[in-house]
Amino acid sequence: MATLAALTLLALLGTVSCQSVPASAPSASPLSPTPTVTYPPGASPSPSPLVYPPTLDVSVPSHGSPAYPPASVTPSSAPSPSPSVSSQTPPTYPPRASSPAYPPSPSPSQPTFSPLASPSQPAYPPNPSPSQLAYPPSPSPRSMDPTTNSPSTSPSSLRPVPSPNTNHPSPSPSPSAYSPAPAVYPPSPSPAPDSGLSVDHYSTSCPNAEAIVREAVKNAIDSNRGTGAGLIRLFFHDCFVRGCDASVLLNRTGSDEATERLGRPNLTLRGFEVIDAAKSVLEEYCPGIVSCSDILAFAGRDATYFLTNLTADFAMPAGRYDGLVSLASETVPNLPAPFFGLQQLNDSFAAKGLSLEDMVTLSGAHSVGRSSCDSFSDRLSSNSSDMDPGYAAYLRKQCSGYGGTAAQDYRTPDDLDTEYYRDVVSHDVLFGSDAALMDSNETAKMVRDNSSVRGLWESKFVAAMVKMGGVGVKTSADGEIRKKCWIIN
């Protein structure tokens, strides 16, 4: 038994020693725990794994440029990357990943488009500005009431402004698109000294003359702002036929021929009663002193003041005498028509000594008042009209009845402001003569400047009113001081 036990013990010891030999063979490397995790099963535990320490995958992104997303560097995309190459030569990454190749602001899809083609623009019609989407919510309630805005300010009043450019740059609302330098268009000069006009002309002979006229104008405009628009138009129509001599006020001259008041362009004039009211008071305080032509000039100035909400106030030179002749036959040849083109407008104003800029400036009076639909009906049905389709549809509704009228500026119909020029740019104007302001680069630039440069148009308008007030002035040699403005003495 003892011998059998000894043999069994020896067999067990032999088995243990055979199992321990492989375990002690090649180990010795301190990295032995790591290879078992890093290398796939079956890989030979040879020393070669030591060439690629496990830290290699971390070092590549750490040396790469932060501008490149970490996803671009994966173990499979870095064939044998040595640390020195990845850290010294970022050019191994495609340069197209660099952001400077695209504009900073737009989204990835936008770099291929110009700024004007931004996604926001498809919401607007081809030409017009965003404001056009407001159709039909156009005029204010007061503007739609025929009693508050009579058709007195018909287009013929100041449509005569010349030419601008059919290549009107996209009517972007951005002020940067426009030239902000008012100095480009200096104010028009006052009447020449030889005109015989002077500021404060009645300061001695009738000190309250201008205050009396202003009071009459204020009362009329407080009752109906449309009357103010009519007074500005009345002044314009007077000066363009025989000069600023109040010949437009006459309905009797002793001649068999009809007076200017019955001329076709003047049939819708209004504001005569305001002039007569002021003259009546002036004759009571200062009989035979203040001319009707000066009263009309003061009234045009005061209407401007009130319709600009007291912002455009200016001195109007005086000293005019009243004319003795008034002929209806002279109205059509002298007054610009609502269908005039650029050259016709330019010629019409030049004949009165007024410049291209004066034309563009004075046409801003189309910002107030209303016009009879027959003055622009041809633009509503013409395929050649550049009027915005939405605006044309709105006007067709306004003019559906007999004797219809429409506000000349549907946005702010009762205010003398620069909305008119925005309307010109966006093709929201009634008359062909208004649209003609965009028929040349020069006048189109004036339009855009007037619409965007704060205070520019107002300063030019008052200067142009003074300049126009010096056209064809009569003196004692060829005029008189009327006792009543509607009849010669």
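Would you confirm whether any residue within the range 451-472 is basic (Lys, Arg) and closer than 23 Å to Val325 by Cα? Checking the range 451-472: at least one residue is basic (Lys, Arg) and closer than 23 Å to Val325 by Cα. Summed over the range 276-322, residues that are β-branched (Val, Ile, Thr) and farther than 21 Å from Trp486 by Cα total 3. Just one of (1) part of a loop (DSSP other than H, G, I, E, B); (2) open to solvent by 10 Å² or more (accessible area, probe 1.4 Å) fails for Ser326. It is (2). Here is a check on your reading of the model: is Ser451 assigned to a helix (DSSP H, G or I), more than 30 Å from Glu260 (Cα to Cα) and polar (S, T, N, Q)? So Ser451 passes the test. Checked against (1) closer than 21 Å to Phe376 by Cβ; (2) in a helix (DSSP H, G or I), Asp414 meets all criteria but (2).
Within this structure, Thr259 fails the test of being modelled with pLDDT under 95 and surrounded by 18 or more Cβ atoms within 10 Å (Cβ to Cβ). Being within 30 Å of Pro338 (Cα to Cα) and of a type outside the set (Asp, Glu) is a condition met by no residue of the range 277-289. Restricting the range 340-368 to residues that are more than 19 Å from the chain's Cα centre (by Cα) and among the acidic types (Asp, Glu), the residue that is farthest from Gly228 (Cα to Cα) is Asp347. Can we say Gly470 is within 27 Å of Ala318 (Cβ to Cβ), modelled with pLDDT of 95 or more, in contact with a Cys (Cβ under 9 Å, 6 or more places away or on another chain) and crowded, with 19+ Cβ neighbours inside 10 Å? Spelling it out, Gly470 is indeed within 27 Å of Ala318 (Cβ to Cβ), modelled with pLDDT of 95 or more, in contact with a Cys (Cβ under 9 Å, 6 or more places away or on another chain) and crowded, with 19+ Cβ neighbours inside 10 Å. Scanning the range 396-418 turns up one or more residues that are more than 29 Å from Gly323 (Cα to Cα), in contact with a Cys (Cβ under 8 Å, 6 or more places away or on another chain), open to solvent by less than 40 Å² (accessible area, probe 1.4 Å) and hydroxyl-bearing (Ser, Thr, Tyr). Evaluated against (1) open to solvent by 10 Å² or more (accessible area, probe 1.4 Å); (2) in contact with a Lys or Arg (Cβ under 8 Å, 6 or more places away or on another chain); (3) more than 30 Å from Gly319 (Cβ to Cβ), Arg454 falls short on exactly one condition, (2). Quick check: is even one residue across the range 425-433 part of a helix (DSSP H, G or I), closer than 16 Å to Phe340 by Cα and among the small types (Gly, Ala, Ser)? Yes, the range 425-433 contains a residue that is part of a helix (DSSP H, G or I), closer than 16 Å to Phe340 by Cα and among the small types (Gly, Ala, Ser). Those residues that are touching a helix residue (DSSP H, G or I) at 6+ places or on another chain (Cβ under 6 Å) and of a type in the set (Ser, Thr, Tyr), I need them from the range 444-489; list them, please. Matches in the range 444-489: Ser451, Ser452. Modelled with pLDDT under 95, touching a helix residue (DSSP H, G or I) at 6+ places or on another chain (Cβ under 6 Å), under 24 Å from Gly469 (Cβ atoms) and open to solvent by less than 40 Å² (accessible area, probe 1.4 Å): does that describe Gly364? Criteria not met by Gly364. Flag: Arg301 matches the condition of being within 38 Å of the chain's Cα centre (by Cα) and closer than 12 Å to Glu210 by Cα.
Restricting attention to the range 379-386, does a residue exist that is in a helix (DSSP H, G or I), more than 19 Å from Pro336 (Cα to Cα) and either in contact with a helix residue (DSSP H, G or I) (Cβ under 6 Å, 6 or more places away or on another chain) or among the β-branched types (Val, Ile, Thr) (or both)? Yes, some residue in the range 379-386 is in a helix (DSSP H, G or I), more than 19 Å from Pro336 (Cα to Cα) and either in contact with a helix residue (DSSP H, G or I) (Cβ under 6 Å, 6 or more places away or on another chain) or among the β-branched types (Val, Ile, Thr) (or both). Taking the stated definitions as given, is Ser459 under 30 Å from Arg252 (Cα atoms), out of contact with any Asp or Glu (no Cβ under 9 Å at 6 or more places or on another chain) and open to solvent by 30 Å² or more (accessible area, probe 1.4 Å)? Taking the combined requirement at face value, the residue does not satisfy it.
Residues that are part of a helix (DSSP H, G or I) and open to solvent by 40 Å² or more (accessible area, probe 1.4 Å) were ranked within the range 344-355; the one that is farthest from Lys460 (Cα to Cα) is Gln344. Condition first: hydroxyl-bearing (Ser, Thr, Tyr) and part of a helix (DSSP H, G or I). Can you find one or more residues in the range 248-259 that meet it? No, the range 248-259 contains no residue that is hydroxyl-bearing (Ser, Thr, Tyr) and part of a helix (DSSP H, G or I).
The values are calculated or read from the model by the stated rules, or taken from the named source; none is laboratory data. These figures come from a predicted structure and were not determined experimentally. Neighbour counts are summed over all protein chains in view; Cβ atoms, including those assigned to glycine, are modelled from backbone coordinates with ideal geometry. Accessible surface is based on the protein model in full, side chains and every heavy atom, while ligands, DNA and RNA are left aside. Shrake-Rupley method; radii C 1.70, N 1.55, O 1.52, S 1.80 Å.
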